[in-house]
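The values are calculated or read from the model by the stated rules, or taken from the named source; none is laboratory data. Note that the coordinates shown come from a computational prediction; the quantities given were computed from them, not determined experimentally. Virtual Cβ from ideal backbone geometry, glycine too; neighbours counted across all protein chains shown. The area values use the complete protein model at the heavy-atom level, side chains included, leaving out ligands, DNA and RNA. Shrake-Rupley method; radii C 1.70, N 1.55, O 1.52, S 1.80 Å.
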Amino acid sequence: MKFIERENIDEKKWDACIEASSSLPYAYSWYLDGICPTWSALIIEKDNQYVACFPLPWKSKLGIKYVYPPFFIQQLGLFTIDKSIEITPFIEKVINEFKWVELYLNSEVSGVEGRCNMVLKLANSYEELAAGYSSNHRRNLQKSKKLKLQESNTASSAVKLFIADKGSSFSHLKNEHYDAFSKVCEKASLLGKFQGLEAVDSLGEVICSALFFVTKNRIVFAFSGNSEKGKESAALFFLLDEIVKRYQNTNFTLDFEGSENEGLQRFYKGFGAKREDYYFYKSNNLPFPVNVFKK
């Protein structure tokens, strides 16, 4: 296992390992480059290929380097094509390299807290999947029947709608964060790993937009923006139902990205989604007295 700075990472070897080991989009080099100003990694290489990758987004303050969870990345952790490789030695190495660590992980280790993710397997027909919708969701889909659908290959509409609707409640998200995410969406679109859907009303106005990253067998519902008209006409129900229709009878999983918010959990459950935990890991080895203030 080696600790390797970003500039020394072989992108082809890295992305090949991520592609082979996972269906999550967040650890691809282009995704990390777009979202994280600086990142490094722990890597195991055998026979001229990366067999295990552990990305580490980090920053530095007061001369102390620390690992943090970036906006728009739900989970990272160990990505490996050798399932005999365990995550624990990577965690031990991380806490030796960094005095402060906060990470959302894709696998469980000692001392982690489970976080809610919601997923829906799309292996059945649309009729079978829709039969698992809640009665409330079926009523809302009836309400949304007059809406029209259009495609988008950018995040612009979703971001504008989100800021207008919820921007004041998410003041920690700055323009630079939205810009970085938008550029990642553009890159994903060029790579064929992105899908944007928009709901349009009778006046031709985009009233709701939903963004998805599409990997080999996973569709991640990454972001959405809604308006008052969109809420009144159940536009988000309409867009998510469209994804279910498109990917029915496949080995794809619709990943809602989950939430600790009970209202959002109920919303995703209404589509028949089941809980699939990811994990939060935290380590504080900061020197005194910094460790007292940073808890």
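Between a first residue in the stretch 126-150 that is over 14 Å from F267 (Cβ atoms) and a second residue that is of a type in the set (D, E) and crowded, with 18+ Cβ neighbours inside 10 Å, which pairs have beta carbons less than 6 Å apart while being 6 or more apart in sequence or on different chains?
Q150/E198
For the stretch 256-284, give me each residue that is surrounded by fewer than 17 Cβ atoms within 10 Å (Cβ to Cβ), at pLDDT 85 or above and part of a loop (DSSP other than H, G, I, E, B).
Those that are surrounded by fewer than 17 Cβ atoms within 10 Å (Cβ to Cβ), at pLDDT 85 or above and part of a loop (DSSP other than H, G, I, E, B): E260, N261, E276, D277.
Looking only at the stretch 1-33, count every residue that is within 21 Å of K216 (Cβ to Cβ) and of a type in the set (K, R) and tell me the total.
Selection size over the stretch 1-33: 2.
Does the stretch 230-243 contain at least one residue that is touching a residue at least 60 places away in the same chain (Cβ under 8 Å), assigned to a strand (DSSP E or B), more than 17 Å from the chain's Cα centre (by Cα) and buried (at least 16 other Cβ atoms within 10 Å of the Cβ)?
Within the stretch 230-243 (the criterion being touching a residue at least 60 places away in the same chain (Cβ under 8 Å), assigned to a strand (DSSP E or B), more than 17 Å from the chain's Cα centre (by Cα) and buried (at least 16 other Cβ atoms within 10 Å of the Cβ)), the answer is no, since none of the residues qualifies.
Kindly provide the set of residues from the stretch 173-183 that are open to solvent by 90 Å² or more (accessible area, probe 1.4 Å) and either under 12 Å from F72 (Cβ atoms) or of a type in the set (F, W, Y) (or both), ordered by number.
Those that are open to solvent by 90 Å² or more (accessible area, probe 1.4 Å) and either under 12 Å from F72 (Cβ atoms) or of a type in the set (F, W, Y) (or both): E176, K183.
Could you tell me which residue of the stretch 44-64 is most open to solvent (accessible area, probe 1.4 Å), considering only residues that are part of a loop (DSSP other than H, G, I, E, B) and at pLDDT 95 or above?
Only one residue fits best here, namely D47.
For S224, which of the numbered conditions (1) without any contact (Cβ under 8 Å) to a residue 60 or more places away in the chain; (2) among the hydroxyl-bearing types (S, T, Y); (3) outside any helix (DSSP H, G or I) fails to hold?
Exception for S224: condition (1).
Scan the stretch 193-214 for residues that are touching a Pro at 6+ places or on another chain (Cβ under 7 Å) and in a strand (DSSP E or B) and jot them down.
The answer is F213, and nothing else.
Restricting attention to the stretch 32-43, which residues are buried (at least 19 other Cβ atoms within 10 Å of the Cβ) and under 14 Å from E5 (Cα atoms)?
L32, C36, W39, S40, A41, L42, I43
Those residues that are under 20 Å from the mean Cα position of the chain (by Cα), part of a loop (DSSP other than H, G, I, E, B), at negative phi and of a type outside the set (F, W, Y), I need them from the stretch 65-103; list them, please.
P69, P70, I73, Q74, Q75, L78
Would you point out the residue of the stretch 104-161, among those that are of a type in the set (G, A, S) and part of a helix (DSSP H, G or I), that is least open to solvent (accessible area, probe 1.4 Å)?
Filtering first and then ranking leaves A158.
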